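Down below is the structure, laid out as structure tokens.
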Amino acid sequence: MRESDFNVGKFFAFLFVLILFLFMLSPLFEEGDGAKIDKNLSDIKNRVSYFHSLKSVKEIERILSDNNDFSKYREITDSAKTVIFGESKDLENGTANLVTSIVLDYRGFDTLGELIVLFISILGLTIILSTLSFAKFEEPSFLQITGVKFVTPFMILVGIYIFLHGHLSPGGGFPAGAIIATATLFSLIGCKFNYRVSNLKFIESNAGFFVILLATLGLYFTGSFFGNYLPTGIVGKLYSSSLILIIYSLVGLKVGAELSVGIKTLYNGEKDDDR
Amino acid sequence: MNYNLPVLLIAIPILFSFLSLILGSFNKILSKIILISVIIFNIISGICIYNSVLKNGNILTVIGNYLPPFGINLISTYTSISFLILLYIVFLVASLIFVSKNDDRADKISSVLLLYLASSTGILLTGDIFNLFVFIEIFSISNIILISIKDKKLSIKGSLKYLIITSIGASLYLFGIGFLYGILGTLNLSEISLNFDNISYFSKVFIFLFFLGSIMAELEVFPFNFWISDSYAGSKNYVNILLSGLSSIVALYIFIRLFLTVFGYPTFISFSYSLPFNVKTLFLTIFGLSVIVNELAALSSKNVKRILGFSSASSLSLILLSLSTGLKNGVMAAMLIAISVIISKPLLFLSSHQIMKGKGEKNLNSFIDGFRRNPLFSILFIIGVFTLVGFPLTPSFWGKFLLFISATEKISYTTLILVIVVFSITIELFYYFRLMHKLFIKDENIKVEKTKNNFVYIFSGILLASIIIFFSVKPYFTQNIVEKTTEDIFDKSGYIKSCLKSGEIDDR
């Protein structure tokens, strides 16, 4: 038996996963109570997520700071200020889009982590594949060249539009970056537009650097990492919730540059890279 | 004392990992300087936070100006911060070795190492279950990259195996979080641990098993341990140190936080679980089996790195076994064994690498005549072995002694624990003494050339050995640390109060 073949382990791993899988299926054959929870918790107003969706976290925090009881004062949040589109001023994060306020404000630290997950994955790709090359693409046809030249500028424009309107409409930095990266993929396959990996990496690392810097500046201005220190403006206007606007733009640039680096590395390694 | 200092331990490495790429494109030495200076910054601020925790108790760091449970928060407890300082010392050793070597990709790898540092710090400090998941993700991806950088077939194979196993683990973890969030509507660890008792039995079991399955992948526990054989043997020296020393700390801490603080209920002397099946029996079966299988795998291996890898997995399982007894003595034993394993395993990897230097195959026979070739590192290797096995006066000895004592208390499967521990010690002694015997075999026909040791290796080897000796000759110091850590682990209501301020828990 070779040393690397550790078949007993594989067998037991399979068995374990199978048991877990069967256990997952078991509720189908049972008449249980399901996710039944305590009376206190089944009231939806008692949950943290409720206040996230109301966008009135600061309000409940102010109430809680007087009396540290979470469950007593939940009725008061019903009378929270109603948000009027185009009129309400200086809200806790002036985004019109609920998802953005959760992703970049209440749970901004997680988004930072996800940004780094993407960054480190692409970095790993360039480390592992830097010595290899896979250039096996056919010569582009006339139709491809014309089509790509027509479509690509519009795709980049749409990408920029989406990350600039991340706080107003569905979308944001991640999908915008994916659209921009698709545009670069088109230009690479369609008209062999040979962009430099090192330039893209420069954009990528600088954008990441400034995201962290903006978040760290919150320590100075608000006394808390990722705190919002720029004016939030009027809900629904383009120039509202300034910090989220800037960070989402940087995220869009970063994700676009990152995915383009990944595409280029898969296309022909880092051969044209002069480093 | 600034309460925002803990967040800088995460933010500064991330910030400089981007800078390391930018500046490294001009000169590779700059990125190495950045790496070392960031670690020194982290060590100094870690010690500052340690002092502050000693004075004021647990420290809460709020992120985004939203108080918990609404926003994300970091909690620095005594356990997490003392684990953190231990982690930084091991990381310093590994990165010194990395810096001493020439590499074309130094800027990229130092950036990965900085993110590794940030993610492991994040895992130890965070008080939010989804944030924990994000950091675990970064941690495992950087592990995958670091395993694969040797550019050999074996290393790519090892990293692919690790990738598969961690992605299974991560998806199980995500399922668990989904269930928890759907039922409780919160992601804060303290809030979850307050309300976990109120969920129905069925969902409780469901969530518990999801988390158990996911964490077992990180923990190198038996059904999920097949990646060890290639990952350890195929990766570089400093990566071995990180895998054996750092991953153990991180996995151990995740286990403590999830299965003792969140799902468990501490009483005065032991932990209990309000689940419909016997959790302790389950833990005992898994970890006991894992100890035995890993020891046998180490015994049957010929490659030295593979032996050390399986051995570190088995000692991690032994720590978990003594944790899962749930007794105060058991937890103390676990901490004592953990200290000795975390420091001695990097020492063993370091010294075995130096002893086998210049030999083509890294198998058992490359240890022959090692003492004449490299006397310093042979002595360090022997110190490491004695610490790991539990030679009297080392922390590991006291740990195994306490485990024996706790096994004589009234817990189920007493004899089984005793048998497992004795069995593991015996096999460990056998294969380590086989290696140590090879060191002193003299081959008179061959003229021996002394190996030249790099200064960095000598420095880090002596640093680790002196830490072990310090812990051994100052038993009261060690006892003090371990007792405080144990108290902190048992202090569930303190953890919740430091986060929610208003948290009340019935001490059952």
According to the square roots a ≥ b ≥ c of the eigenvalues of the Cα gyration tensor, what is the shape class of the protein assembly as shown, taking rounded for a/c under 1.5, prolate for a/b larger than b/c otherwise, and oblate for the remainder? oblate
What net charge is computed for the residues neighbouring B:Phe98, neighbours being all others with C-beta under 15 Å from the C-beta of B:Phe98, Lys and Arg scored +1, Asp and Glu -1? +4
Calculated FRET efficiency for the pair A:Ser121/A:Tyr229, C-beta based, R₀ 30 Å, to 0.05: 0.45
Under Stokes-Einstein, chain B at 10 °C and 1.306 mPa s, with its Kirkwood radius over C-alpha pairs, diffuses with a coefficient in µm²/s of 69 µm²/s
Within a 10 angstrom radius of each residue's Cβ in A:117-126, how many Cβ atoms of other chains show up on average? Whole number is fine. 6
Backbone HN-Hα couplings from phi across region B:235-245 [Karplus 6.51/-1.76/1.60, Hz, Gly and Pro as x]: 10, 6, 5, 5, 5, 4, 4, 5, 5, 7, x
Provide the per-residue ³J(HN,Hα) series for region B:371-380, in order, calculated from phi with Karplus coefficients 6.51, -1.76, 1.60 and θ = phi - 60°, each as a whole number of Hz, with x at glycine and proline positions. 5, 6, 6, 9, x, 4, 6, 5, 5, 4
Nonlocal amide H pairs with B:Thr267, under 5 Å, H built at 1.01 Å: B:Ser272
Rounded to 10°, Cα long-axis angle of helix B:395-408 versus longest principal axis of chain B: 50 degrees
Based on Cα positions only, what radius of gyration and what Dmax would you give for region B:204-289, in angstroms? 15.0, 46
At 25 °C in a medium of viscosity 0.890 mPa s, region B:379-501 has a Stokes-Einstein diffusion coefficient, with Rh taken as the Kirkwood radius over alpha carbon pairs, in µm² per second, of 135 µm²/s
Give or take rounding to whole Å, what are the principal axis extents of the alpha carbon atoms in region B:232-373, in descending order? 56, 24, 23
C-alpha long axis of helix B:414-439 to longest principal axis of chain B, angle in °: 20 degrees
On a full-extension model of 0.36 nm per residue, what is the gain between B:Glu444 and B:Lys474, subtracting their alpha-carbon distance, rounded to one decimal in nm? 6.6 nm
Estimate the FRET efficiency between B:Phe391 and B:Asn453 by the formula 1/(1 + (r/R0)^6), using the beta-carbon distance for r and 25 Å for R0, to the nearest 0.05. 0.50
Please compute the modelled spin-label separation between A:Glu61 and B:Ile29, points set 7 Å along Cα→Cβ, answer in nm with one decimal. 4.7 nm
Per Stokes-Einstein, at 10 °C and 1.306 mPa s, what whole-number D in µm² s⁻¹ belongs to region A:128-249, with the Kirkwood radius over Cα pairs as the hydrodynamic radius? 93 µm²/s
Which length gain, in nm to one decimal place, applies between B:Leu289 and B:Lys484 when the Cα-Cα distance is subtracted from 0.36 nm times their residue separation? 67.2 nm
Derived scalar couplings ³J(HN,Hα) [region B:356-367; Karplus, 6.51 cos²θ - 1.76 cosθ + 1.60; whole Hz; x for Gly, Pro]: 8, 4, x, 8, x, 8, 9, 10, 4, 6, 6, 7
What does the highest-first list of A:236-247, B:222-233 look like by mean Cβ count within 10 Å? B:222-233, A:236-247
Within region A:252-268, whose backbone N sits under 19 Å from a point 7 Å along Cα→Cβ of A:Leu214? A:252-259
Quick one: of B:Lys157/B:Lys492; B:Lys108/B:Lys362; A:Lys58/B:Lys328, which pairs are farther than 30 Å apart, Cα to Cα? B:Lys157/B:Lys492; A:Lys58/B:Lys328
Hey, how many Å between the Cα centroid of region B:356-406 and the Cα centroid of region B:31-75? 35 Å
How many angstrom lie between the Cα centre of region B:105-147 and the Cα centre of region A:243-258? 22 Å
Compute the acute angle (0 to 90°) between the alpha-carbon long axis of helix B:304-324 and the principal axis of greatest extent of the alpha-carbon atoms of chain B; round to the nearest 10°. 30 degrees
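Every read-out reported here was derived from the displayed coordinates using simple, explicitly stated rules and does not represent laboratory data. None of these values were measured; they are calculated from a predicted model. All Cβ positions, glycine included, derive from the backbone under ideal geometry; neighbour counts span all protein chains shown.
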